[in-house]
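Q: The structure that follows is given in the form of structure tokens.
The values are calculated or read from the model by the stated rules, or taken from the named source; none is laboratory data. This is a predicted model, so every value here is computed, not measured. No Cβ is skipped: glycine too gets one built from the backbone with ideal geometry, and neighbour counts run over all protein chains shown.
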Amino acid sequence: MRSARSGATALLLALLAAPVPARTDLPAWTFGVASMPPTAREVRTYPALGSLPLLVLENLRDLELRFLSDEEAAKILETARLQGLYEAGASAARLRDQRDAAALSPSGLSEQAAQERKLRVEQSRGREEGAASGEIGTRGDTTRGEPRRLALWEGHVAGRLLEAGTDPGGTCAREKLEYLVFWEVSEISGYLRIRMLGWNAVLGRQDFSYTSYRSPEDISSGAPELAQALVRAVSGRPSSRLVFEVEPPDATVRVDGRLLAPGRRSLRVYEEREYQVSLETAAGLRSDYRVRSEFGKDVTLSARLEAPQSAVVLVETDPPGATVHLDGIWAGTTPGEARLFGYARVARLALPGFEDEYRVIEPNAEGRLLVQLREADSSGTSAFERSKERFYQALGLLAVSLPVTLLSYGVFLQSSALYQEDPGNGTFSGRKDAALVAFAVSGGITAGLLAGASIRLVKYIQSAR
């Protein structure tokens with residue numbers, strides 16, 4: 001009964017333990033990759049070794065974590081502490097059972113005393129181990145690393161590598177790095193032994209190493225393996241990378257509702273599960289996919305977003321052989337097909353010696369489109385320019401004729417008023433009749449010019465279209 005109460009008390013205390021909140025004001029954890037040691041004989045013998053760090057860098061993208069999250073670290077520490085407490089309780093119960101069994105044994109008193117001493121020593125050792133496991137959990141809560149954002153050394157963006165030499169700590173101090181990756185190379189039995197080492201500037205010591213054996217003829221194939229090992233060492237956990245090969249290139253990508261920056265086509269994830277991926281184009285087309293990540297691998301999603309073809313129109317010209325441009329993009333020569341994708345498209349037909357023709361093909365168009373090409377004017381003036389010139393000529397004549405008509409109408413009104421004041425005056429009567437004739441003639445000319453200008457305006461608009 002005493003053992004059961006002790007275990008329940010330990011469990012209650014563990015459940016009440018609160019995790020230490022993480023700091024969010026820490027700077028980025030900057031790490032860099034050094035070049036191969038230039039003095040190594042193997043590097044001079046096999047030039048492909050020099051490009052291996054660059055190949056590894058190509059796989060170091062979308063890194064976001066350096067340490068475990070606060071909740072996960074607290075959960076791991078609490079589990080370890082509870083496991084230690086339960087093991088200590090089980091050990092104490094086992095020792096009590098052995099002591100009771102020894103007390104009931106018919107052996108001599110000396111043997112019982114020796115057995116009791118042995119049991120007391122083991123019991124005290126079990127209590128010390130249980131206390132130590134609890135203390136370790138408490139220390140872990142206060143000394144573990146805080147979450148930080150990862151950032152590559154600025155020179156890697158330009159394709160440069162660090163020169164570590166024989167002093168990785170000095171290189172970290174000089175370049176302001178928290179982590180440095182450097183290399184050791186040797187040749188063993190015809191194989192290259194490539195060792196990747198990690199120097200932790202925060203701890204002031206080396207805390208990571210990974211060794212890969214490669215054939216001298218196949219050095220580059222080791223880059224993915226080394227990159228995955230480095231990603232796990234730097235980020236603190238296994239990961240997978242989701243790669244998106246999407247057409248059109250300007251499509252937006254969302255992963256579990258998170259919008260990726262324009263142009264970004266990969267995302268590193270730290271859970272092995274299914275992710276909801278949404279692709280959307282500027283035209284409003286959208287498609288959803290489910291992608292499952294796999295630790296240590298790149299998972300690629302290839303997708304093409306394209307509107308369903310609403311119609312295929314056969315474009316023909318007389319004479320044939322004209323080039324066809326749909327929305328300014330070359331689409332072949334006539335006779336040929338014009339593919340529509342749910343929206344109207346502007347077709348430009350061009351043939352040397354003939355005027356360019358334009359047609360708007362509606363999305364519901366079907367069948368055949370025949371366009372008669374007109375020969376180009378030998379003077380070099382296009383139909384658009386001729387229609388434009390004719391319209392402005394008619395507009396100029398109308399601008400001259402309209403004031404004359406208005407003036408003759410004003411004279412006619414004045415003469416009519418004078419004639420009404422003095423009906424017996426023959427001069428006023430003659431002026432009124434002459435003004436009426438002039439107004440009728442000028443009005444007819446103006447009306448004709450207005451009709452001609454309207455017709456030429458319509459032709460001008462048609463040629464512009």
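Let's see how each residue does on (1) over 15 Å from VAL312 (Cβ atoms); (2) outside any loop (DSSP other than H, G, I, E, B); (3) among the hydroxyl-bearing types (Ser, Thr, Tyr):
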{"position": "GLY332", "(1), (2), (3)": "no, yes, no"}
{"position": "ALA338", "(1), (2), (3)": "no, yes, no"}
{"position": "VAL346", "(1), (2), (3)": "yes, yes, no"}
{"position": "LEU349", "(1), (2), (3)": "yes, yes, no"}
{"position": "PRO352", "(1), (2), (3)": "yes, no, no"}
{"position": "ARG359", "(1), (2), (3)": "yes, yes, no"}
{"position": "PRO363", "(1), (2), (3)": "no, no, no"}
{"position": "GLU366", "(1), (2), (3)": "no, no, no"}
{"position": "LEU370", "(1), (2), (3)": "yes, yes, no"}
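Q: Is it the case, given these coordinates, that VAL400 is in a helix (DSSP H, G or I) and in contact (Cβ under 8 Å) with a residue 12 or more places away in the chain? Step through it out loud before you land on a result.
A: Working: in a helix (DSSP H, G or I): yes; in contact (Cβ under 8 Å) with a residue 12 or more places away in the chain: no.
Criteria not met by VAL400.
Q: Restricting to the range 326-347, name every residue that is of a type outside the set (Gly, Ala, Ser) and surrounded by fewer than 17 Cβ atoms within 10 Å (Cβ to Cβ).
A: Keep residues of the range 326-347 that are of a type outside the set (Gly, Ala, Ser), which gives 326-327, 329-330, 333-335, 337, 339-341, 343, 345-346.
Those that are of a type outside the set (Gly, Ala, Ser) and surrounded by fewer than 17 Cβ atoms within 10 Å (Cβ to Cβ): ASP327, ILE329, TRP330, THR333, PRO335, GLU337, ARG339, PHE341, TYR343, VAL346.
Q: Can you pull out the residues in the range 274-286 that are within 16 Å of the chain's Cα centre (by Cα), surrounded by 15 or more Cβ atoms within 10 Å (Cβ to Cβ), modelled with pLDDT under 90 and not charged (D, E, K, R)? Step through it out loud before you land on a result.
A: Initially, the range 274-286 is screened for residues within 16 Å of the chain's Cα centre (by Cα), giving 275-282, 286.
Imposing the further condition that a residue be surrounded by 15 or more Cβ atoms within 10 Å (Cβ to Cβ) reduces the set to 275, 277-281.
Now restrict to residues that are modelled with pLDDT under 90: 280-281.
Listed by number, the list holds a single entry, THR281.
Q: Anything in the range 279-332 that is closer than 20 Å to GLY367 by Cα and β-branched (Val, Ile, Thr)? List them, or say none.
A: Hits for the range 279-332 are VAL312, VAL313, VAL315, THR317, THR323, VAL324.
Q: Within the range 290-311, how many residues are out of contact with any Ser or Thr (no Cβ under 8 Å at 6 or more places or on another chain), at pLDDT 80 or above and loosely packed, with under 14 Cβ neighbours inside 10 Å?
A: Total satisfying the criteria: 5.
Q: Take LEU450 and decide whether it is at pLDDT 85 or above, closer than 30 Å to TYR358 by Cβ, assigned to a helix (DSSP H, G or I) and in contact with a helix residue (DSSP H, G or I) (Cβ under 8 Å, 6 or more places away or on another chain).
A: Numbers: at pLDDT 85 or above: yes; closer than 30 Å to TYR358 by Cβ: yes; assigned to a helix (DSSP H, G or I): yes; in contact with a helix residue (DSSP H, G or I) (Cβ under 8 Å, 6 or more places away or on another chain): yes.
Answer is yes for this residue.
Q: Residue pairs, Cβ under 9 Å, 6 or more apart or interchain, first in the range 428-451 and assigned by TED's automatic domain parsing to the domain that holds SER408, second among the charged types (D, E, K, R). List them.
A: Filtered contacts from the range 428-451: PHE428/GLU421; PHE428/ASP422.
Table: residues versus (1) among the hydroxyl-bearing types (Ser, Thr, Tyr); (2) free of Cβ contacts under 8 Å to residues at least 12 places away in the same chain; (3) over 15 Å from LEU52 (Cα atoms).
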site	(1), (2), (3)
VAL185	no, no, no
GLY198	no, no, yes
SER209	yes, no, yes
SER220	yes, no, no
